[in-house]
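Participant: My structure is below; once you've seen it, I'll send some questions.
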Amino acid sequence: MKIAVLGSAAGGGFPQWNSNAEGCRRARAGDPAARPRTQASLAVSADGVVWFLINASPDLREQIGRSAYLHPRDGLRSSPIAGVVLTGGDVDVIAGLLTLRERQPLTLYATSRIHDVLKANPIFEVLARDVVRREVVTLDAAVMLDDGLTVELFAVPGKTPLYLEGADAPAIETSETTVAAAISDGATTVFYIPGCAAMTPALADRLRGAALVFFDGTLWRDDEMVVAGLGAKTGRRMGHMSLEGPDGTLAAFEPLGVERKVLIHINNSNPVLLEDSLERAQVVARGWEVAYDGMEMTV
């Protein structure tokens, strides 16, 4: 299986367009230790010819443009992109679908809840239904993407997208709204979990001994945004585990025996984005990699 990281940052990218924080200033100035990143998405393929996107970030047009394996190959119009798998309904997951509106045949895979979110907003009807097939994915059931790949979606603790939150919306829930993807070629399974509010026993059991896990690396500490003066919500309230601390991601993965662990969906405020930071040194010392745009691997 071939995997390419199209984007590795959380919503807003790095540098975020309106952020004047130190990390974003360094990235904007071309500091080699503060590598710019677009918003998180993967591309996966069994053969390097037919590709499937895992989420469609707002930066998708730029991501396709710099990825030769996603360029047209045949005729006046074509694409090696055969489908898009969605793990939620947040803007940084679905906005890139609008880039794929040029009457190109593909299949859109999502839970019934996320298909309902798209259906409720008529702008997504630019994905003409006579060429873009909608496939409802039932949780915990493998779906065939092509002859060499399957995907299984399963719920993880998360939050309702901000634009759908009502006054009585639960802060954190486990439902069809926030899911993870397990992509398999029959020999190896790769997990993509860009948003997760807690490591549950069921999730730990599923990930134990996995060959490769891309996991939510949004924040270093739970009150990161509050302390920095960037927002009033903690990471957990926003649906994300923090990396540090006894109940953080680094500690939660220690007993799981995952062979390769990669942080993705990293917020511009997170110091692990800075290659010369103490926090980056800590995650590397504990066996983690920090995803970057253009990162490629074969498993």
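Participant: Can you name every residue in segment 190-205 that is outside any loop (DSSP other than H, G, I, E, B) and buried (at least 20 other Cβ atoms within 10 Å of the Cβ)? Give the derivation first.
Facilitator: We begin by selecting, within segment 190-205, every residue outside any loop (DSSP other than H, G, I, E, B); these are 190-193, 201-205.
Once the filter is applied, which keeps residues that are outside any loop (DSSP other than H, G, I, E, B) and buried (at least 20 other Cβ atoms within 10 Å of the Cβ), segment 190-205 yields VAL190, PHE191, TYR192, ILE193, LEU203.
Participant: Could you tell me which of the residues SER57, SER78, SER8, SER19 is more than 19 Å from the chain's Cα centre (by Cα) and either surrounded by 14 or more Cβ atoms within 10 Å (Cβ to Cβ) or of a type outside the set (Gly, Ala, Ser) (or both)? Before you say what the answer is, go through the steps one by one.
Facilitator: Values: SER57 fails: more than 19 Å from the chain's Cα centre (by Cα); SER78 fails: either surrounded by 14 or more Cβ atoms within 10 Å (Cβ to Cβ) or of a type outside the set (Gly, Ala, Ser) (or both); SER8 fails: more than 19 Å from the chain's Cα centre (by Cα).
Of SER57, SER78, SER8, SER19, the one residue that is more than 19 Å from the chain's Cα centre (by Cα) and either surrounded by 14 or more Cβ atoms within 10 Å (Cβ to Cβ) or of a type outside the set (Gly, Ala, Ser) (or both) is SER19.
Participant: Kindly provide the set of residues from segment 38-54 that are over 13 Å from the mean Cα position of the chain (by Cα) and assigned to a strand (DSSP E or B), ordered by number. Write out each step before concluding.
Facilitator: From segment 38-54, those over 13 Å from the mean Cα position of the chain (by Cα) are 45-52; that's our starting set.
Those that are over 13 Å from the mean Cα position of the chain (by Cα) and assigned to a strand (DSSP E or B): SER45, TRP51, PHE52.
Participant: Give segment 60-75 a look and list any residue that's loosely packed, with under 13 Cβ neighbours inside 10 Å and of a type in the set (Gly, Ala, Ser), or say none.
Facilitator: GLY65, ALA68, GLY75
Participant: Next question, about the same structure. Could you tell me which residue of segment 165-189 is surrounded by the most Cβ atoms within 10 Å (Cβ to Cβ), considering only residues that are modelled with pLDDT of 85 or more and assigned to a loop (DSSP other than H, G, I, E, B)?
Facilitator: ASP185
Participant: A further question on this structure: Considering (1) modelled with pLDDT under 95; (2) in contact with a Cys (Cβ under 7 Å, 6 or more places away or on another chain); (3) of a type outside the set (Val, Ile, Thr), say which one ASP216 fails and leave the rest.
Facilitator: In the conditions (1) modelled with pLDDT under 95; (2) in contact with a Cys (Cβ under 7 Å, 6 or more places away or on another chain); (3) of a type outside the set (Val, Ile, Thr), ASP216 misses (1) alone.
Participant: Do any residues in segment 209-224 that are in contact (Cβ under 8 Å) with a residue 60 or more places away in the chain and closer than 14 Å to VAL5 by Cα have Cβ atoms under 6 Å from those of residues that are assigned to a loop (DSSP other than H, G, I, E, B) and among the hydrophobic types (A, V, I, L, M, F, W, C), where the two are at least six apart or on different chains, and which pairs are they?
Facilitator: LEU212/VAL299
Participant: Limited to segment 103-135, what total is found for residues that are out of contact with any strand residue (DSSP E or B) (no Cβ under 6 Å at 6 or more places or on another chain) and loosely packed, with under 15 Cβ neighbours inside 10 Å?
Facilitator: Residues that pass the stated criteria total 14.
Participant: Can we say ASP146 is of a type outside the set (Ser, Thr, Tyr), at pLDDT below 95 and touching an Asp or Glu at 6+ places or on another chain (Cβ under 9 Å)? It would help to see each step written out before you state the result.
Facilitator: Working: of a type outside the set (Ser, Thr, Tyr): yes; at pLDDT below 95: yes; touching an Asp or Glu at 6+ places or on another chain (Cβ under 9 Å): yes.
Taking the combined requirement at face value, the residue satisfies it.
Participant: Check SER78, SER41 and return the single one that is in contact with a helix residue (DSSP H, G or I) (Cβ under 8 Å, 6 or more places away or on another chain) and of a type in the set (Ser, Thr, Tyr). Explain how you work it out, then say what you get.
Facilitator: Values: SER78 fails: in contact with a helix residue (DSSP H, G or I) (Cβ under 8 Å, 6 or more places away or on another chain).
After ruling out the rest, the residue left standing is SER41.
Participant: Can GLU125 be described as modelled with pLDDT of 95 or more and in contact with a Phe, Trp or Tyr (Cβ under 6 Å, 6 or more places away or on another chain)?
Facilitator: Working: modelled with pLDDT of 95 or more: yes; in contact with a Phe, Trp or Tyr (Cβ under 6 Å, 6 or more places away or on another chain): no.
Judged against the criteria, GLU125 is not a match.
The values are calculated or read from the model by the stated rules, or taken from the named source; none is laboratory data. Every value quoted in this text rests on a predicted model; they were computed, and no experiment measured them. Neighbour counts run over all protein chains shown; Cβ positions are idealised from the backbone, glycine included.
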